[in-house]
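The values are calculated or read from the model by the stated rules, or taken from the named source; none is laboratory data. None of these values were measured; they are calculated from a predicted model. Here Cβ is always computed from backbone atoms with ideal geometry, including for glycine, and neighbour counts include all displayed protein chains. In case anyone asks, the SASA skips ligands and DNA or RNA and just uses the protein heavy atoms, side chains included. Shrake-Rupley method; radii C 1.70, N 1.55, O 1.52, S 1.80 Å.
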Amino acid sequence: MADAARGMGSPSLPVANVQALAETCNTGVDEPVPWRYLSKDPTAEEVVAADDSACAIPVIDFRKLLDPESSSSECARLGSACHHWGFFQLINHGVPDEVIANLKKDVVGFFKQPLEAKKECAQQADSLEGYGQAFVVSEDQKLDWADMLYLIVQPRESRDMRFWPTRPASFRDSVDSYSMEASKLAYQLLEFMAKGVGAADDDDDPAASLRLQGVFQGQVRGMRVNYYPPCRQAADRVLGLSPHTDPNGLTLLLQMNDHDVQGLQVSKDGRWFPVQALDGAFVVNVGDALEIVSNGAFKSVEHRAVIHPTKERISAALFHFPDQDRMLGPLPELVKKGDRVRYGTRSYQDFLKQYFTAKLDGRKLIESFKLE
Ligand SMILES: O=C(O)CCC(=O)C(=O)O
Ligand SMILES: [Fe+2]
């Protein structure tokens, strides 16, 4: 069931461990950053000032979504955020602080271990699951300044425990609780997102919500923990994650460090908007699959991660995949009255395979779904 989401059959070419490389480069006097990591040209791009709050991605209050008094106006804000930004921050989401704190503690603890200990969870030759790097498909491709730990976390029966750390001792329990809670939240969010589309005459069309939730219910969740080491010499020339869209439906992202180190940037109108992740909030984004099923009402937007010169950053992305054994196309319930069907219908498994093997820039793959 989870093979396509594991990147099975589409492994990444082996490259250096970036945390170890960064230690050498950051401490060595004359240790240059290898050219393959110098992918960014700071003079050729526009980045909006981080402190300009008027430009920030919208903040959605989950409590207001639940409250009948405020639900419909907050749903409309949610729909608008998903359409115009493809991103929002979610506050008052109800995932217990303790569950998040335990995940953070154990994820940080995992990356603190010596390289040899982390390598006990190393990727194997046939998939992307485990500790390593992703999306390296050619020997001359530019590389990301990051390591990752990628695990299929739900449903339980699709877990491959070979890749799950045993240290810190509570790591597995923490990921189990977190992935359960966050998956429940994502399922509830989908209901409000369907309402936010306003596809039916009646905004509260339960058929649209149920249909959208049905695409994701009980399906695969993958958690990718990104470790971005600092880069003293060339922070403005390297990228932690190069511009991409997520191939799944909905992504819930948690920053593991406090707000003093930020790194996520979202593309809008040709400019990069830095995200100031709020402590305890989720950064939520729409992936390719959700853009397709919503017939473009929600946008899967390009984003990237930049690097701090002196401080590490860690984030955990929980990817919610749609049913991998079915064809993916716009849901009739989500095609607005009077609108045309804007995306084709194709095998989602083939889509994922292409995503994992081709390293297509930005929105190239999702654009290929669009009908003229
Ligand atoms: O680290 C971040 O802020 C972004 C992570 C991300 O985009 C991903 O894992 O797909
Ligand atoms: Fe992403």
- Task: Quick one: which helices (runs of 4 or more DSSP H) lie wholly within the stretch 283-372 and hold at least 1 residues that are within 29 Å of residue 176 (Cβ to Cβ) and open to solvent by 20 Å² or more (accessible area, probe 1.4 Å)?
- Result: 348-358
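Report, by residue number, each residue of the stretch 1-54 that is hydrophobic (A, V, I, L, M, F, W, C) and assigned to a loop (DSSP other than H, G, I, E, B). Lay out the reasoning, then the answer.
Let us first name the residues in the stretch 1-54 that are hydrophobic (A, V, I, L, M, F, W, C), namely 1-2, 4-5, 8, 13, 15-16, 18, 20-22, 25, 29, 33, 35, 38, 44, 47-50, 54.
Matches in the stretch 1-54: 1, 2, 8, 13, 15, 16, 29, 33, 38, 48, 49, 50.
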- Task: Quickly run through the stretch 243-271 and pick out the residues that are farther than 19 Å from residue 108 by Cβ and out of contact with any Pro (no Cβ under 9 Å at 6 or more places or on another chain).
- Result: 243, 244, 245, 246, 247, 250, 251, 268, 269, 270, 271
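What do you reckon, is residue 298 more than 13 Å from ligand 2 (Cβ to nearest atom), more than 13 Å from the chain's Cα centre (by Cα) and more than 26 Å from residue 345 (Cα to Cα)? Steps first, please.
Details: more than 13 Å from ligand 2 (Cβ to nearest atom): yes; more than 13 Å from the chain's Cα centre (by Cα): yes; more than 26 Å from residue 345 (Cα to Cα): no.
For residue 298, the condition - more than 13 Å from ligand 2 (Cβ to nearest atom), more than 13 Å from the chain's Cα centre (by Cα) and more than 26 Å from residue 345 (Cα to Cα) - is not met.
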- Residues of the stretch 247-278 satisfying the condition of being near ligand 1 (Cβ under 10 Å from one of its atoms) and polar (S, T, N, Q): 248, 251, 255, 262, 265
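Please tell me if residue 127 is open to solvent by less than 10 Å² (accessible area, probe 1.4 Å) and either in a loop (DSSP other than H, G, I, E, B) or closer than 12 Å to residue 14 by Cα (or both). First the steps, then the outcome.
Values: open to solvent by less than 10 Å² (accessible area, probe 1.4 Å): yes; either in a loop (DSSP other than H, G, I, E, B) or closer than 12 Å to residue 14 by Cα (or both): yes.
Taking the combined requirement at face value, the residue satisfies it.
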- The correct count of residues that are open to solvent by 30 Å² or more (accessible area, probe 1.4 Å), in contact with a strand residue (DSSP E or B) (Cβ under 7 Å, 6 or more places away or on another chain) and away from ligand 1 (no atom under 13 Å from the Cβ) in the stretch 204-246 is 0
- Message: The conditions are (1) open to solvent by less than 10 Å² (accessible area, probe 1.4 Å); (2) more than 30 Å from residue 211 (Cα to Cα); (3) within 16 Å of ligand 2 (Cβ to nearest atom), and residue 265 fails exactly one of them. Which is it?
- Response: (1)
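Condition first: touching a residue at least 40 places away in the same chain (Cβ under 8 Å) and assigned to a helix (DSSP H, G or I). Can you find one or more residues in the stretch 85-95 that meet it? Give the steps one after another, and end with the answer.
Narrowing the stretch 85-95 to residues touching a residue at least 40 places away in the same chain (Cβ under 8 Å): 85-91, 93-95.
Still in the list and also assigned to a helix (DSSP H, G or I): none.
No, that holds for no residue.
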